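> This is the structure I have questions about; it appears just below.
The values are calculated or read from the model by the stated rules, or taken from the named source; none is laboratory data. Note that the coordinates shown come from a computational prediction; the quantities given were computed from them, not determined experimentally. Counting neighbours? That spans all protein chains shown, and the Cβs are built from the backbone with ideal geometry, glycine included. Side chains included, ligands, DNA and RNA excluded: accessible areas come from the protein's heavy atoms. Shrake-Rupley method; radii C 1.70, N 1.55, O 1.52, S 1.80 Å.
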Amino acid sequence: MTIAVARRSTLPGFGLTMGLTLTWLSVIILIPLAALFLKTFELSLDQFWGIVTSRRTLNALKISFGLSFAAACVNLVMGTIIVWALVRYRFPGRRLFDAIVDIPFALPTAVAGVALTQLFAQKGWLGAPLAELGIKVAFTPIGIFIAMIFIGIPFVVRTVQPVLIDLDPEIEEAAASLGANRWHTVFRVILPSLIPALLTGFALAFARAIGEYGSVIFIAGNLPNVSEIAPLLIVIRLSEFRYADATAIAVVMLVASFLIIFLINRLQRWAQARIPVH
Amino acid sequence: MSMQTGLATSTTQLRTYAPATDVSVAAPAPRLEIARAEPGTAQRNLRTEPGPIRFIIIALAIAFLSVFVVLPLVVVFASALSKGVVAYVAALAEPEALAAIKLTLLIAAISVTLNLVFGVVAAWAISKFEFTGKTFLITLIDLPFSVSPVISGLVFVLLFGAQGYFGPWLQAHNVHVLFAVPGIALATIFVTFPFVARALIPLMQEQGTQEEEAAISLGASGLQTFFRVTLPNIKWGLLYGVLLCNARAMGEFGAVSVVSGHIRGETNTMPLLVEILYNEYQFVASFAIASLLAMLALITLVAKTVLERRLDEAEVPDGD
Amino acid sequence: MIRRILPLVAGLLWASSVFAADVSLLNVSYDPTRELYVDFNKAFAAAYQKDTGKSVEIKQSHGGSGSQARSVIDGLQADIVTLALAYDIDAIAGKGLLAADWQKRLPLNASPYTSTIVFLVRKGNPKGIKDWDDLIKPGVAVITPNPKTSGGARWNYLAAWGYAQKKFGSADKAKKFVGDLYQNVPVLDTGARGSTVTFVERGVGDVLLAWENEAFLALREFGADKFEIVAPPQSILAEPPVAVVDSVADKKGTRAVAEAYLKYWYTKEGQEIAARNSYRPRDAEIAKEYEKSFAKVELFTIDDVFGGWTKAQKEHFAEGGIFDQIYKN
């Protein structure tokens with residue numbers, strides 16, 4: 001970690017670049033976000049609390065957070081399996097699949113939304129066979145769940161992949177030569193050292209899913225209290241001229257994002273403390 | 001300590017969007033991967049699973065990626081071409097489609113340019129100098145990554161809407177921000193804010209300041225130093241950030257949807273037009289526009305892969 | 001670098017704002033009028049060019065009626081609003097953007113065309129849906145949008161309520177009826193068009209509560225071999241109103257052309273366009289001509305049953321109103 005050593009710079013331009021950075025940051029990010037908080041201060045605490053704890057808001061938040069959590073869990077498991085296959089095995093098309101992982105990140109959310117809906121609607125390629133089995137995906141909470149899995153998968157894969165690649169092979173070999181069977185080596189030796197990366201990937205996927213709008217609204221039924229996500233409720237409140245409600249929900253979500261960022265920060269600190277610097 | 005945390009966050013956050021230039025937890029993926037592409041036979045026995053398990057894991061990974069990632073992409077193109085190539089081309093030649101493409105390009109040009117300038121400036125300040133609160137500053141720059149796009153649009157409604165904080169003044173001076181190009185551009189700049197800066201900061205931090213200091217001591221001006229010394233070193237990383245910034249700028253839906261006003265042929269970007277056409281039973285046209293965006297995503301991915309190679313190559317000589 | 005980029009950006013911004021006809025109007029409308037205004041705008045532009053020698057370009061924006069009103073309140077520069085219901089224009093008037101008596105400035109409640117709410121069912125009407133009563137039967141999935149955001153959905157709701165109140169004679173029973181109806185709703189889209197897509201394209205639900213014109217459009221687009229329209233014996237007279245937004249038109253200096261635009265609706269040509277697009281024309285002659293296109297439905301008005309929009313909005317759709325109570329159960 002030579003970089004972390006403080007150095008005195010003789011380079012010019014600190015004042016100028018710092019000033020520009022802070023100005024631009026303020027104009028684009030800070031002032032707009034401050035406006036959001038300012039708007040909620042127009043509400044009394046009771047009003048704010050009333051909005052946030054109203055049944056519909058609570059349900060929307062529950063749906064957003066609950067399904068995001070569930071989707072992030074699926075991403076965690078499937079992401080690990082995908083990383084494992086991509087890093088440890090050689091199979092035809094491996095490089096292609098490696099590149100494909102990034103598609104949910106690069107594909108515009110509206111495109112993902114219409115595509116997933118088309119795919120999982122009752123007449124869709126996957127929707128039709130699933131409907132035969134009595135499973136409805138599109139326009140149910142399962143649809144939201146699917147969309148959230150779609151957008152979250154690259155986050156877990158891309159966070160865990162480099163760590164697994166970089167894992168010291170000697171640890172595994174040592175464990176194996178000491179008589180640990182493969183099962184033990186994987187679950188007692190390898191996975192524990194991946195935990196910080198796994199949790200970070202999980203948190204990133206979770207954060208992304210909570211705020212997701214474009215890919216979800218097409219496939220969600222948008223039924224209040226059942227399949228209405230919090231960002232959609234914000235949009236609905238806006239179109240009902242209820243700015244206070246919209247901003248109150250937005251503030252709750254924003255605070256949640258701050259907390260998640262904070263958590264990710266912590267996870268990283270933990271990761272650093274655990275992994276010896278090479 | 002705080003410095004370390006900041007850097008650590010930067011890698012993780014970045015890894016999902018930008019190349020992981022080695023700072024803390026791990027080294028960039030592709031290079032090492034190539035190095036270990038052919039594990040020795042002795043190692044293979046110890047470091048892998050029994051055949052059937054291997055097969056199941058590979059099958060699961062391929063099945064999952066095929067169903068969740070490949071199929072949606074295929075659906076886009078299949079639906080776009082479902083009525084033949086003529087209908088597809090006709091859909092894209094519609095004036096409304098052309099207007100949306102033009103607007104999308106304009107918005108991307110504005111927001112990428114501004115974020116490019118800002119990204120370089122911010123990366124210079126953050127990576128070449130030491131100051132307190134650096135971690136906090138990086139966190140602030142990261143913020144738009146985790147803010148819901150809807151909220152990104154909402155904040156500008158609160159500021160510039162006729163009922164918003166600056167609304168009455170803007171109305172009085174006949175300045176249109178919301179439901180016009182400036183509002184759409186602002187919302188897009190907000191959501192794409194971190195991309196360039198986040199691609200550059202770890203890279204420039206790693207490169208240190210020695211080369212620049214040498215240039216300065218030889219009498220070069222600050223700008224000369226930047227253009228002759230720093231820029232050549234960071235050009236691939238910069239391109240990488242611009243690439244991702246552009247992909248997101250062209251594809252943004254939620255934030256733009258809130259501030260657009262949906263005026264046909266005027267304030268509809270391509271993602272918004274996808275939704276509108278979809279709601280007008282013009283499925284072929286909707287998926288035709290969607291297919292253009294999907295192609296953009298594919299081109300982005302290819303370019304990204306190429307750039308990642310370049311970045312790795314650039315790093316190898318002065319590696320650990 | 002900055003010096004090179006700024007003029008470029010400025011140039012692009014400028015380029016985006018200059019191409020235009022002599023006059024340009026923005027008509028902010030609701031969801032199902034997309035096809036209607038394509039026709040109407042073309043006809044009006046031709047007529048206006050002939051009368052005045054000036055070219056006029058009409059830009060359109062469509063969305064849920066409530067969302068559209070919100071955008072206008074937030075500063076969307078609409079010269080004209082043509083929304084699903086008077087309440088949404090009242091909301092704009094409430095912010096002082098147009099005169100409070102806007103509905104009196106044009107004939108017939110400023111609603112040059114009307115419509116009603118009908119049922120769209122799948123071919124052969126497998127669930128045997130004939131009347132409003134059939135909608136609350138168990139196992140019937142009803143598709144209707146969210147009354148909080150969609151104008152059409154409010155008409156749907158009020159049509160059902162009006163029917164029940166007339167039949168059972170009490171508001172309590174009407175509430176129960178509408179509550180039962182919404183128990184059968186599996187998807188609540190934000191706009192009328194979203195609901196049509198859900199029903200028609202995605203194959204969800206047994207019956208779609210739709211604007212009459214929207215139902216006809218679905219038949220035209222997807223073929224009469226897949227769907228049929230069931231007109232209930234009774235329904236509501238839906239009056240989608242139109243208005244010039246004074247503050248915008250005066251600022252842009254477009255009042256004259258905007259007013260001419262709306263008056264064109266009341267001409268034979270305008271009425272014919274409405275009828276051709278399955279909106280019920282006001283003009284008796286045109287109505288007679290297109291008589292066969294529309295089912296015979298006994299229509300009640302919102303004033304009859306609910307005492308006007310403001311009252312209906314407050315009782316039913318405001319926060320904690322009857323719709324919220326129904327949805328809580």
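> Could you list, in sequence order, all residues of segment A:139-174 that are basic (Lys, Arg) and outside any helix (DSSP H, G or I)?
If we filter segment A:139-174 for residues that are basic (Lys, Arg), which is where we start, we get A:158.
Answer for segment A:139-174, where residues must be basic (Lys, Arg) and outside any helix (DSSP H, G or I): there is none.
> Another question, then. For C:Tyr279, are the conditions met, namely being farther than 17 Å from C:Glu239 by Cβ and touching a helix residue (DSSP H, G or I) at 6+ places or on another chain (Cβ under 7 Å)?
Values: farther than 17 Å from C:Glu239 by Cβ: no; touching a helix residue (DSSP H, G or I) at 6+ places or on another chain (Cβ under 7 Å): yes.
When the stated conditions are applied, C:Tyr279 does not pass them.
> Does segment B:114-127 contain any residue that is of a type in the set (Ser, Thr, Tyr) and open to solvent by 20 Å² or more (accessible area, probe 1.4 Å)? First the steps, then the outcome.
In the first step, residues of segment B:114-127 are kept if they are of a type in the set (Ser, Thr, Tyr); the result is B:127.
In the following step, the residues that additionally are open to solvent by 20 Å² or more (accessible area, probe 1.4 Å) were identified as none.
No; the residues of segment B:114-127 include none that is of a type in the set (Ser, Thr, Tyr) and open to solvent by 20 Å² or more (accessible area, probe 1.4 Å).
> Considering every residue within segment C:28-36, establish whether at least one is more than 21 Å from C:Gly152 (Cα to Cα) and crowded, with 22+ Cβ neighbours inside 10 Å.
Of segment C:28-36, the ones more than 21 Å from C:Gly152 (Cα to Cα) are none.
Looking for residues that are more than 21 Å from C:Gly152 (Cα to Cα) and crowded, with 22+ Cβ neighbours inside 10 Å, one finds none in segment C:28-36, hence no.
> In segment B:145-164, which residue that is at pLDDT below 90 and assigned to a helix (DSSP H, G or I) is nearest to A:Ala230 (Cα to Cα)?
Among those that are at pLDDT below 90 and assigned to a helix (DSSP H, G or I), it is B:Ser146.
> Name the single residue, out of those in segment C:92-145 being among the polar types (S, T, N, Q) and part of a strand (DSSP E or B), that is nearest to C:Pro241 (Cα to Cα).
Restricting attention to segment C:92-145, the residues satisfying the condition of being among the polar types (S, T, N, Q) are C:103, C:109, C:111, C:114-116, C:125, C:144.
Those left that are additionally part of a strand (DSSP E or B): C:114-116.
Values: C:Thr114: 9, C:Ser115: 11, C:Thr116: 14 Å.
Among residues in segment C:92-145 that are among the polar types (S, T, N, Q) and part of a strand (DSSP E or B), the one nearest to C:Pro241 (Cα to Cα) is C:Thr114.
> Filter segment C:197-219 down to residues that are in a helix (DSSP H, G or I) and within 13 Å of chain A (Cβ to nearest Cβ), then give me how many there are.
Looking only at segment C:197-219, we keep the residues that are in a helix (DSSP H, G or I), and these are C:197-200, C:212-219.
Filter once more, so that each one left must be within 13 Å of chain A (Cβ to nearest Cβ): C:197-200.
The number of residues fulfilling the criteria is 4.
> To continue, here is another question. Could you list all residues from segment A:106-136 that are more than 7 Å from chain B (Cβ to nearest Cβ) and touching a residue at least 24 places away in the same chain (Cβ under 8 Å)?
A:Gly113, A:Thr117, A:Phe120
> Within segment A:137-155, which residues are facing chain B (nearest Cβ under 9 Å), among the aliphatic types (A, V, I, L, M) and open to solvent by less than 10 Å² (accessible area, probe 1.4 Å)?
The first filter runs over segment A:137-155 and keeps only residues facing chain B (nearest Cβ under 9 Å), leaving A:146, A:149-150, A:153-155.
This time we only want the ones that are among the aliphatic types (A, V, I, L, M), so: A:146, A:149, A:153.
Those that are facing chain B (nearest Cβ under 9 Å), among the aliphatic types (A, V, I, L, M) and open to solvent by less than 10 Å² (accessible area, probe 1.4 Å): A:Ile149, A:Ile153.
> Looking at (1) touching a residue at least 40 places away in the same chain (Cβ under 8 Å); (2) out of contact with any Ser or Thr (no Cβ under 7 Å at 6 or more places or on another chain); (3) of a type in the set (A, V, I, L, M); (4) surrounded by fewer than 23 Cβ atoms within 10 Å (Cβ to Cβ), find the lone condition where B:Leu186 falls short.
Every listed condition holds for B:Leu186 apart from (4).
> Return a yes/no flag: does segment C:93-104 have any residue that is closer than 29 Å to C:Val200 by Cα and open to solvent by less than 10 Å² (accessible area, probe 1.4 Å). If you could, list the steps in order and put the result at the bottom.
Our first condition is that a residue be closer than 29 Å to C:Val200 by Cα; within segment C:93-104, this holds for none.
No: segment C:93-104 contains no residue that is closer than 29 Å to C:Val200 by Cα and open to solvent by less than 10 Å² (accessible area, probe 1.4 Å).
> Can you find a residue that is within 30 Å of C:Phe317 (Cβ to Cβ), in a helix (DSSP H, G or I), open to solvent by 10 Å² or more (accessible area, probe 1.4 Å) and within 12 Å of chain A (Cβ to nearest Cβ) anywhere in segment C:50-70? Walk me through how you get there before you give the answer.
Filtering segment C:50-70 for residues within 30 Å of C:Phe317 (Cβ to Cβ) gives C:59-70.
If we keep only those that are in a helix (DSSP H, G or I) as well, we get C:65-70.
The next check asks that each one be open to solvent by 10 Å² or more (accessible area, probe 1.4 Å); those that pass are C:67, C:70.
With the extra rule that they be within 12 Å of chain A (Cβ to nearest Cβ), the set shrinks to C:67, C:70.
Within segment C:50-70, one or more residues are within 30 Å of C:Phe317 (Cβ to Cβ), in a helix (DSSP H, G or I), open to solvent by 10 Å² or more (accessible area, probe 1.4 Å) and within 12 Å of chain A (Cβ to nearest Cβ).
> Residue check: is A:Val101 of a type in the set (A, V, I, L, M) and either surrounded by fewer than 21 Cβ atoms within 10 Å (Cβ to Cβ) or away from chain B (no Cβ under 11 Å) (or both)?
Working: of a type in the set (A, V, I, L, M): yes; either surrounded by fewer than 21 Cβ atoms within 10 Å (Cβ to Cβ) or away from chain B (no Cβ under 11 Å) (or both): no.
Spelling it out, it is not the case that A:Val101 is of a type in the set (A, V, I, L, M) and either surrounded by fewer than 21 Cβ atoms within 10 Å (Cβ to Cβ) or away from chain B (no Cβ under 11 Å) (or both).
> Right, here's the next one. How many residues are farther than 17 Å from B:Glu49 by Cα and of a type in the set (Lys, Arg) when one looks only at segment A:157-182?
1
> Which residues, counting only those in segment B:241-291, are among the β-branched types (Val, Ile, Thr) and either facing another protein chain (nearest Cβ under 7 Å) or surrounded by 24 or more Cβ atoms within 10 Å (Cβ to Cβ) (or both)?
First pass over segment B:241-291, keeping only residues among the β-branched types (Val, Ile, Thr): B:242, B:256, B:258-259, B:263, B:267, B:269, B:274, B:276, B:284, B:289.
The answer is B:Val256, B:Val258, B:Val259, B:Ile263, B:Thr267, B:Thr269, B:Val274, B:Ile289.
> Would you call A:Trp24 open to solvent by 10 Å² or more (accessible area, probe 1.4 Å), over 26 Å from the mean Cα position of the chain (by Cα) and among the aromatic types (Phe, Trp, Tyr)? Can you show your working first?
Numbers: open to solvent by 10 Å² or more (accessible area, probe 1.4 Å): yes; over 26 Å from the mean Cα position of the chain (by Cα): yes; among the aromatic types (Phe, Trp, Tyr): yes.
Against the criterion (open to solvent by 10 Å² or more (accessible area, probe 1.4 Å), over 26 Å from the mean Cα position of the chain (by Cα) and among the aromatic types (Phe, Trp, Tyr)), A:Trp24 qualifies.
> Right, next: Anything in segment C:275-304 that is part of a helix (DSSP H, G or I) and open to solvent by less than 30 Å² (accessible area, probe 1.4 Å)? List them, or say none. Spell out how you get there, then give the answer.
Initially, segment C:275-304 is screened for residues part of a helix (DSSP H, G or I), giving C:275-276, C:284-289, C:291-293, C:302-304.
Those that are part of a helix (DSSP H, G or I) and open to solvent by less than 30 Å² (accessible area, probe 1.4 Å): C:Ala275, C:Ile286, C:Ile302.
> Any chance you could count how many residues in segment B:112-137 are at the interface with chain A (Cβ under 10 Å from one of its Cβ atoms), out of contact with any Cys (no Cβ under 6 Å at 6 or more places or on another chain) and part of a helix (DSSP H, G or I)? Don't jump to the end; show me each part of the working.
First, the residues of segment B:112-137 that are at the interface with chain A (Cβ under 10 Å from one of its Cβ atoms): B:114-115, B:117-131, B:135, B:137.
Remaining after also requiring out of contact with any Cys (no Cβ under 6 Å at 6 or more places or on another chain): B:114, B:117-131, B:135, B:137.
Next, from what is left, pick out any that are part of a helix (DSSP H, G or I): B:114, B:117-128, B:135, B:137.
The total comes to 15.
> Only one residue in A:Ala71, A:Ala85 is facing chain B (nearest Cβ under 7 Å) and crowded, with 21+ Cβ neighbours inside 10 Å, so which one is that?
A:Ala85
> Being aromatic (Phe, Trp, Tyr), open to solvent by 10 Å² or more (accessible area, probe 1.4 Å), assigned to a helix (DSSP H, G or I) and more than 13 Å from every other protein chain (Cβ to nearest Cβ) is true for just one of C:Tyr163, C:Tyr182. Which residue is that? Walk me through how you get there before you give the answer.
Working: C:Tyr182 fails: more than 13 Å from every other protein chain (Cβ to nearest Cβ).
Answer to the check: C:Tyr163.
> Considering segment B:203-220 alone, what residues qualify as being within 7 Å of another protein chain (Cβ to nearest Cβ) and either open to solvent by 50 Å² or more (accessible area, probe 1.4 Å) or of a type in the set (Lys, Arg) (or both)?
Filtering segment B:203-220 down to residues within 7 Å of another protein chain (Cβ to nearest Cβ) leaves B:205-206, B:209, B:212-213, B:216.
Within segment B:203-220, B:Glu206 is the sole residue that qualifies.
> Before we move on, is A:Ala271 farther than 24 Å from C:Asp88 by Cα and facing chain C (nearest Cβ under 10 Å)? Write out each step before concluding.
On the way: farther than 24 Å from C:Asp88 by Cα: yes; facing chain C (nearest Cβ under 10 Å): no.
When the stated conditions are applied, A:Ala271 does not pass them.
> Sticking with this one: Would you mind stating whether A:Pro92 is touching a Gly at 6+ places or on another chain (Cβ under 8 Å) and either at the interface with chain B (Cβ under 9 Å from one of its Cβ atoms) or over 28 Å from A:Phe145 (Cα atoms) (or both)?
On the way: touching a Gly at 6+ places or on another chain (Cβ under 8 Å): no; either at the interface with chain B (Cβ under 9 Å from one of its Cβ atoms) or over 28 Å from A:Phe145 (Cα atoms) (or both): yes.
Against the criterion (touching a Gly at 6+ places or on another chain (Cβ under 8 Å) and either at the interface with chain B (Cβ under 9 Å from one of its Cβ atoms) or over 28 Å from A:Phe145 (Cα atoms) (or both)), A:Pro92 does not qualify.
> Here's another thing I want to ask about it. Just need a number here: residues in segment C:71-92 that are farther than 14 Å from C:Ser247 by Cα and open to solvent by less than 30 Å² (accessible area, probe 1.4 Å).
Restricting attention to segment C:71-92, the residues satisfying the condition of being farther than 14 Å from C:Ser247 by Cα are C:71, C:82-88, C:90-91.
Of the ones still in play, those that are also open to solvent by less than 30 Å² (accessible area, probe 1.4 Å) are C:71, C:82-86, C:88, C:91.
The qualifying residues number 8.
> Right, something else. Hey, which of the helices (runs of 4 or more DSSP H) in segment B:237-320, taking only ones fully inside, have at least 3 residues that are among the polar types (S, T, N, Q)? Spell out the reasoning first.
Details: elements: B:254-260, B:270-278, B:283-315.
By residue number, B:283-315.
> Residues that are at pLDDT 50 or above, at least 2 per element: which helices (runs of 4 or more DSSP H) completely within segment B:1-108 meet that?
Result: B:41-46, B:51-65, B:71-80, B:85-93.
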